[in-house]
Amino acid sequence: MSTTPQQPAQPQGQPPVQGQQPDYAKPQTYGQPQHGAPGYGQPGQAQGYGQPQGYGQGQGYGQPGAAYGAPGPQPSKALAIVALVLGGVAFLTCWIPFVNGLAIALGIAGAVCGLIALIRKQAGKPLAITGLALSVVAVIISVVVNMIVIAAATSASDELRKFSETYSAQASAQHSVQYKVTTTGKATVTYIDSNGSSNEEVTANWNKDFAETGYVIGSLSVMSDAGDASTHVSCEIIIDGKSVSKKTGTGAYANASCSGSSN
């Protein structure tokens, strides 16, 4: 049985040459590159196995920005924090009269920020609730404090006005003044009128009438000059028909002193 030798395959990229017999003694080894022909995996090869291509290039699976389950933006606490700060400052200043007008403005702003934060369901709910509560309380306290201060100031102003009117009326009013002295013997009378202080020696009952403008302060005294134990003296001041002071004295060198005013 005869065996016909197989001809080796023509190397890829090398056309057969006419008249040249194939070299059966040197079979072509697959994978060995021919002279001038690039082999598999050689540099410069246009497309070989193992070259990066397709999957993994550009935007592939597992690349950042394309993964599922990435955390989204967190809710902001800005309004809740603003509400808390405004409410706290308003509560600290609401106790100071008139200055707490600023507390009212801050309280209103804090309440608005707190309400918006709660309505929008933003983060920091406890902060928003606390800021809202402080703001409302601060506004209420500010209003009450200002009302009390205004009421007190109004009352004081009314009292001052009444006093001024009364003083003005008294300063321009005409008053009738009467001094009365009784004595059982010789005595010395001392008194004050519009002309100043005066002394008189009397031996019996004594009276003096005069008119005074404005606020009247009367002063009258009597002293007995006798050393008799039965001596009796008295004094009385009458202003506008009303007795404002009356005193008596008995005994040796008895004396009595009276003082009164038109008020």
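Every number here is computed from the coordinates shown, using simple stated rules; none is lab data. Bear in mind the structure is a predicted one, so any value in this text is a computation, not a measurement. So basically every Cβ, Gly included, is an ideal-geometry build from the backbone, and we count neighbours across all protein chains shown.
Taking the range 161-213, which residues are assigned to a loop (DSSP other than H, G, I, E, B) and farther than 20 Å from C258 by Cα?
Result: A173, single match.
For every residue, the table says whether it meets (1) polar (S, T, N, Q); (2) within 30 Å of I237 (Cα to Cα); (3) more than 17 Å from the chain's Cα centre (by Cα).
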position	(1), (2), (3)
L92	no, no, no
P97	no, no, no
G101	no, no, no
A123	no, no, yes
I141	no, no, no
V144	no, no, no
T154	yes, no, yes
E165	no, yes, yes
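Among G114, G101, G88, which is buried (at least 24 other Cβ atoms within 10 Å of the Cβ), of a type outside the set (V, I, T) and part of a helix (DSSP H, G or I)?
When all the criteria are applied, what remains is G114.
Taking the range 198-217, which residues are farther than 22 Å from A173 by Cα and hydroxyl-bearing (S, T, Y)?
Passing the criteria: S198, T203.
Exactly one condition in (1) among the acidic types (D, E); (2) surrounded by fewer than 16 Cβ atoms within 10 Å (Cβ to Cβ); (3) in contact (Cβ under 8 Å) with a residue 40 or more places away in the chain is not met by E201; state its number.
(3)
Only one of (1) under 27 Å from S164 (Cα atoms); (2) not acidic (D, E); (3) not in a strand (DSSP E or B) is not met by A226, so which one is it?
(1)
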